[in-house]
Amino acid sequence: CSTVPCSPFETVPDGTVGVATFKIRRLGLIPRDPRKLDPGLHLSLPFVTSLRLYNTRVEMLFLDGPLPGGKLVRMTAQVRLNPDSALAVDERLGPDYLKGPIKATLTELLKKEIYDSHGNISSPEIQQGILDIIGATLGRDGLSLDEAFLTRLEHLDLKDEASRTEESDTDEDQ
């Protein structure tokens, strides 16, 4: 009932994978476990099944972590869902997996790795180590880290930014 009202067909577009779940628990001989649907046209049971789509194309992920002295390091990464992991991602993380659970976990992991390296991320070996750990974490969740790099954001000073925000707030009050 998503594309055409009460249609017995569901369409999974290219670049996505579908996870079909059943709304009714007792269906007799009909299997009730979620199933993965590859791109294409699929038969559906209106009012009985629901379909969630997951993007399998490359998506950008940005994470920020603090450096000593109020500076930031930004990880820019290209991430994609392995289509064969869609059922596990749907069950454990849900449709907003990149915005919610994964991003929070990876941000904390990035902060920990920066702290463990004492904020010294200028070494290519240290950067690669951080990216390897993040890639392994993504891999456990059925995602691939295609490309990633760390950038030190020297021009952003958190202390200066906070004071500028406070000054602009007081200017607006006057």
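Please treat every number below as a calculation from the coordinates, not as lab data. Predicted model only: the values in this text are computed from it and were never measured. Here the Cβ is made from the backbone with ideal geometry for all residues, glycine too, and neighbour counts use every protein chain on show.
The residues packed around residue 109, meaning those with a beta-carbon under 14 Å from its beta-carbon, carry a net charge of -2 if Lys and Arg are +1 and Asp and Glu are -1.
Here the spin labels are modelled as points 7 Å beyond Cα on the Cα-Cβ line, and at residue 82 and residue 64 they lie 3.2 nm apart.
With both labels modelled 7 Å from their Cα along Cα-to-Cβ, the residue 116 to residue 48 distance reads 5.0 nm.
Sequence-distant contacts, meaning Cα pairs under 8 Å at least 6 residues apart, place the relative contact order of region 56-95 at 39 percent. Can you tell me which lysines have their Cα less than 29 Å from the Cα of residue 71? Leave out same-chain residues fewer than eight positions away. Leaving aside lysines fewer than 8 places away in the same chain, those within reach of residue 71 are 99, 103, 111, 112, 159.
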